[in-house]
Amino acid sequence: MLLEDERIDDLEYKNLKIIQNKKGFCFGIDSILLSDYAKKIRNDCTVIDIGTGTGIIALLLAKKTKLKKIYGIEIQEEVANMAKRSVDLNGLNDKIEIVNEDINNIFSILEKNKYDVIVTNPPYKKAETGVKSLDRKQLISRHEVKCTLEDVIEKSSKLLKDKGEFYMVHRAERLVDIMCLLRKYKIEPKNIRFVHSKTNEKPILILIRCVKNANKFLKIDNPLVIYKEDGEYTDEILEIYNKK
């Protein structure tokens, strides 16, 4: 059942649908890119999606991979409720469990050192920076109001098994903060991919894959470009969107 201002969007991938609030914070291309970047996770693994929002990454990974179970952690009750209804809508209750909880209280629900993979599209901006939305849900989604980057990385380190994988999308401008915190909590960066709007423009996003307690070696993947010079999506983006 849809609530006021809600709509059902077709993800145009394996008949997936998602419920979103047109006046709230809807998913963007960053979540789509992260789900594609993490699609090579091994079969039968147990995954946590920190800050799942309306469940976009969990929904896509449940169809793009052969994961055993994915837990979507979302602090906002209203947003978590939308995600739960999207899971029901797609008949994926056997694969996805939405958990309405603060990541800083997560060990009351989830065990330490147990999970194979963590994916996260966390708030990008520090609490005191950037233009803040007047909408509370958007503010929490975009700014480190309820949890910081360090909270996400620290809790991820404790949740992951030894050699478990960590995938994140974030703003390129936060790269130094990200690298310092990953090393601090023994999640070693193994791959990084810079995402550019166009070929000759500076990167706007980074996709990063890490491994808990791994050896120190970082591979820089080929850059990902979103738009061609004429403003149309590149072939790779069309392929990621399943539209090529």
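The values are calculated or read from the model by the stated rules, or taken from the named source; none is laboratory data. Keep in mind that this is a model prediction, so the values were computed, not measured. All Cβ positions, glycine included, derive from the backbone under ideal geometry; neighbour counts span all protein chains shown.
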inquiry  = Six or more apart or on different chains, Cβ atoms under 9 Å: show the pairs whose first residue is in the stretch 157-172 and farther than 18 Å from Ile192 by Cβ and whose second is outside any helix (DSSP H, G or I) and small (Gly, Ala, Ser).
reply    = Lys163/Ala214
inquiry  = Among the listed residues Phe166, Phe217, identify the single one that is surrounded by fewer than 17 Cβ atoms within 10 Å (Cβ to Cβ) and of a type in the set (Phe, Trp, Tyr).
reply    = Phe217
inquiry  = If I go through the stretch 11-38 residue by residue, how many of them are assigned to a loop (DSSP other than H, G, I, E, B) and surrounded by 15 or more Cβ atoms within 10 Å (Cβ to Cβ)?
reply    = 8
ask   = Looking at Ile8, Ile96, Ile48, which is the one that is in contact with a helix residue (DSSP H, G or I) (Cβ under 8 Å, 6 or more places away or on another chain), more than 25 Å from Arg171 (Cβ to Cβ), touching a residue at least 24 places away in the same chain (Cβ under 8 Å) and buried (at least 23 other Cβ atoms within 10 Å of the Cβ)?
value = Ile96
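For every residue, the table says whether it meets (1) under 30 Å from Val225 (Cβ atoms); (2) surrounded by fewer than 19 Cβ atoms within 10 Å (Cβ to Cβ); (3) modelled with pLDDT of 95 or more; (4) not acidic (Asp, Glu).
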residue	(1), (2), (3), (4)
Ser108	no, yes, no, yes
Glu128	no, yes, no, no
Ile153	yes, no, yes, yes
Ser157	no, no, yes, yes
Lys186	no, yes, yes, yes
query = If you check every pair at least six apart or on different chains, which have Cβ atoms under 8 Å apart with a residue in the stretch 217-244 that is farther than 17 Å from Gly28 by Cα first and a residue that is of a type in the set (A, V, I, L, M) and loosely packed, with under 13 Cβ neighbours inside 10 Å second?
reply = Lys244/Leu238
